[in-house]
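Before any comments, here is the structure.
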Amino acid sequence: MPLTKRIIPCLDVDNGRVVKGTKFVDIKDAGDPVEVAKKYNDQGADEITFLDITASSSNRKTILDVVENVASQVFIPLTVGGGISSVSDIRTLLNSGADKITINTAAIKNPNLVSDASEAVGSQCIVVAIDAKRKKVSSSKESWEIYTHGGRNATGIDALKWAEEMEIRGAGELLVTSMDKDGTKEGFDLELMQEINARVNIPTIASGGVGTLEDMYRGIAVGNADAVLAASIFHFGTYTVHEVKEYLSKKGVNVRQVYE
Amino acid sequence: MKTIAIIDYGMSNLSSVLKAVEYVAPNDNVIVSSSLKEINNADKIIFPGQGAAKKCMSSINDKNLACVIKKNSIEKPFLGICMGMQVLMDYSDENNGTECLGIIKGKVRRFHKTKDGMKIPHMGWNRVKKKTDHPIWSGIDDNSYFYFVHSYLIEPENKASVIGETEYGEKFCSVIAKDNIVAIQGHPEKSSAIGLKFLKNFIEMS
């Protein structure tokens, strides 16, 4: 029996509250992180990811309270990202109750952070986020370029080579977001997932673009992802985690079913 | 009120284990400790762990905890979790070979890579098949899911001590019981309702 494929709801957290919006527009308060996390746990979420989008760095410590409170009541792996730039930031989050952290911009600014962090706290805690956007390299060929700062800044770094380097440096998982698909509801960039999975031997999480249950299925069955992460389809109640798993299970994907 | 001591030997982040035990044992006194006296005075022991075998064993030895761990594993209910299960064995292949505590006969070895593309560590949710009845299984269905993160597995000499088995490329012992000891390779503190039930069953064992 292979490992189950994981379904991971992602929550944006601003100043200690869950918010929802599309592409950083129309951001609305969507509740207390503990209540939202409990709801997803009850639906059968395999992990929960929190993305701290708090703009003011002086309010950054509110995420620590969120992690502490959620970890006291929700007992599945918790991943936290946003504003992490040092091993000490990582340790603080893990001590508050996070199980994994995700870094993107900080890894690009300083790739040694990935090596240092995996050495210090273990690879299994380090998720490297790759925000990639297609780029034409010739009339018939495309590649993917890494972006930072939520997709605003191009880096010139090739996403596939970066994925390989991150594995060597000790990343435990890769969270791959297609900036072309994010927010479109057209489905994951399956080719991007396939190319990355052909190059690395660590788990990959597909993100960006889910609109339907079939999109979730294709991310796993065609894109070869080990896990899928989605935000809006869960927050807006389009589907529950349970419904996603029922669908995947019917299509022959091995998932952890939870019956309340 | 009982005292449950979570042994701290400086190798892992114990906040998840502490939070989960406090959640299932709200009326008990749950402590995180490396004090010989506190551990000896506790009613039950939880022995977690993360990281590499050699570092774990040197931390245990540096803190002079090997004897107190052995003594307490005989005298009272004792739960090993993840690396806290592996170092109970005689020996681990990890880090070019590491002598372990020798409380349970057998060794620790890396997963066999049985096919291409099999990812190690074994990380994620997998089933545990119950091999025998045991109070730790009370109210937990056969083939329930637990959350795992590990690259090495235990091979106990006494196959009858295997009370739970999991398959990842090969079948391995994921839960073991010997006298007062129960140990699990997965992370009950991260295994949602099933994991909490497992911890609660341990708290209620006498």
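The values are calculated or read from the model by the stated rules, or taken from the named source; none is laboratory data. What you see is a predicted model; the values in this text were computed from it and never measured. Glycine gets a Cβ as well: all are built from the backbone with ideal geometry, and neighbour counts include every protein chain shown.
Filter the stretch A:144-158 down to the residues that are buried (at least 22 other Cβ atoms within 10 Å of the Cβ) and under 22 Å from A:Thr49 (Cα atoms) and list them by number. Let's see the steps before the verdict.
Keep residues of the stretch A:144-158 that are buried (at least 22 other Cβ atoms within 10 Å of the Cβ), which gives A:144, A:146-147.
Once the filter is applied, which keeps residues that are buried (at least 22 other Cβ atoms within 10 Å of the Cβ) and under 22 Å from A:Thr49 (Cα atoms), the stretch A:144-158 yields A:Ile146, A:Tyr147.
Among the residues of the stretch A:220-235, write down those that are assigned to a strand (DSSP E or B) and farther than 12 Å from A:Asp46 by Cβ.
Of the stretch A:220-235, the ones assigned to a strand (DSSP E or B) are A:227-230.
Result: A:Ala230, single match.
What residue, among those in the stretch B:165-197 that are under 12 Å from the mean Cα position of the chain (by Cα), within 11 Å of another protein chain (Cβ to nearest Cβ) and not acidic (Asp, Glu), is surrounded by the most Cβ atoms within 10 Å (Cβ to Cβ)? If you could, list the steps in order and put the result at the bottom.
Restricting attention to the stretch B:165-197, the residues satisfying the condition of being under 12 Å from the mean Cα position of the chain (by Cα) are B:173-177, B:181-189.
With the extra rule that they be within 11 Å of another protein chain (Cβ to nearest Cβ), the set shrinks to B:187-189.
Checking which are not acidic (Asp, Glu) leaves us with B:187-188.
Working: B:His187: 24, B:Pro188: 29.
This residue is B:Pro188.
Please enumerate the residues belonging to the stretch B:47-89 that are outside any helix (DSSP H, G or I) and more than 22 Å from B:His122 (Cβ to Cβ).
Looking only at the stretch B:47-89, we keep the residues that are outside any helix (DSSP H, G or I), and these are B:47-52, B:63-65, B:76-82, B:87-89.
Answer for the stretch B:47-89, where residues must be outside any helix (DSSP H, G or I) and more than 22 Å from B:His122 (Cβ to Cβ): B:Lys63, B:Asn64, B:Leu65, B:Lys76, B:Pro77, B:Phe78.
Among the candidates B:Ser16, B:Ser12, which residue alone is within 12 Å of chain A (Cβ to nearest Cβ), out of contact with any helix residue (DSSP H, G or I) (no Cβ under 6 Å at 6 or more places or on another chain) and either in a helix (DSSP H, G or I) or not hydrophobic (A, V, I, L, M, F, W, C) (or both)?
On the way: B:Ser16 fails: out of contact with any helix residue (DSSP H, G or I) (no Cβ under 6 Å at 6 or more places or on another chain).
Selected residue: B:Ser12, the only one of B:Ser16, B:Ser12 that is within 12 Å of chain A (Cβ to nearest Cβ), out of contact with any helix residue (DSSP H, G or I) (no Cβ under 6 Å at 6 or more places or on another chain) and either in a helix (DSSP H, G or I) or not hydrophobic (A, V, I, L, M, F, W, C) (or both).
Quick check on my filter: what residues within the stretch A:85-143 are more than 13 Å from every other protein chain (Cβ to nearest Cβ), of a type in the set (Gly, Ala, Ser) and either in a strand (DSSP E or B) or surrounded by 15 or more Cβ atoms within 10 Å (Cβ to Cβ) (or both)?
Taking the stretch A:85-143 first, the residues more than 13 Å from every other protein chain (Cβ to nearest Cβ) are A:85-89, A:102-117, A:128-143.
Imposing the further condition that a residue be of a type in the set (Gly, Ala, Ser) reduces the set to A:85-86, A:88, A:106-107, A:115, A:117, A:129, A:132, A:138-140, A:143.
Once the filter is applied, which keeps residues that are more than 13 Å from every other protein chain (Cβ to nearest Cβ), of a type in the set (Gly, Ala, Ser) and either in a strand (DSSP E or B) or surrounded by 15 or more Cβ atoms within 10 Å (Cβ to Cβ) (or both), the stretch A:85-143 yields A:Ala106, A:Ala107, A:Ser115, A:Ala117, A:Ala129, A:Ala132, A:Ser143.
Please specify each residue of the stretch A:213-260 satisfying the condition of being among the polar types (S, T, N, Q) and either at pLDDT 95 or above or within 23 Å of A:Ala129 (Cα to Cα) (or both). Talk me through it step by step, then tell me what you get.
Applying the first criterion (among the polar types (S, T, N, Q)) to the stretch A:213-260 yields A:224, A:232, A:238, A:240, A:249, A:254, A:257.
Passing the criteria: A:Asn224, A:Ser232, A:Thr240, A:Ser249, A:Asn254.
Please work out which residue is farthest from A:Ile8 (Cα to Cα), limiting yourself to the stretch A:37-78 and to residues that are within 12 Å of another protein chain (Cβ to nearest Cβ), under 17 Å from the mean Cα position of the chain (by Cα) and outside any loop (DSSP other than H, G, I, E, B).
Among them, the one singled out is A:Val67.
Have a look at B:Ile60, B:Ile46 and point out the one that is over 13 Å from the mean Cα position of the chain (by Cα) and of a type outside the set (S, T, N, Q).
On the way: B:Ile46 fails: over 13 Å from the mean Cα position of the chain (by Cα).
Only one candidate passes the filter, namely B:Ile60.
When only residues in the stretch B:130-164 that are of a type in the set (D, E, K, R) and closer than 21 Å to B:Glu189 by Cβ count, which is nearest to the other protein chains (Cβ to nearest Cβ)? Even if it seems obvious, please write down each step before you answer.
Kept after step one, since they are of a type in the set (D, E, K, R), are these residues of the stretch B:130-164: B:130-131, B:133, B:141-142, B:155, B:157, B:159.
Of the ones still in play, those that are also closer than 21 Å to B:Glu189 by Cβ are B:130, B:141.
Values: B:Lys130: 15, B:Asp141: 10 Å.
Per the stated criteria, the residue is B:Asp141.
Which fully enclosed strands (runs of 3 or more DSSP E) of the stretch B:110-201 have 1 or more residues being among the acidic types (Asp, Glu) and in contact with a Lys or Arg (Cβ under 9 Å, 6 or more places away or on another chain)?
Details: elements: B:122-130, B:144-150, B:152-156, B:162-167, B:171-178, B:181-184.
It comes to B:152-156, B:162-167.
Any chance you could count how many residues in the stretch A:169-185 are over 22 Å from A:Val80 (Cα atoms) and at pLDDT 95 or above? Talk me through it step by step, then tell me what you get.
Within the stretch A:169-185, the first condition is being over 22 Å from A:Val80 (Cα atoms), and the residues that meet it are A:180-181, A:184-185.
Adding the requirement that they be at pLDDT 95 or above leaves none.
Looking only at that region, the number is 0.
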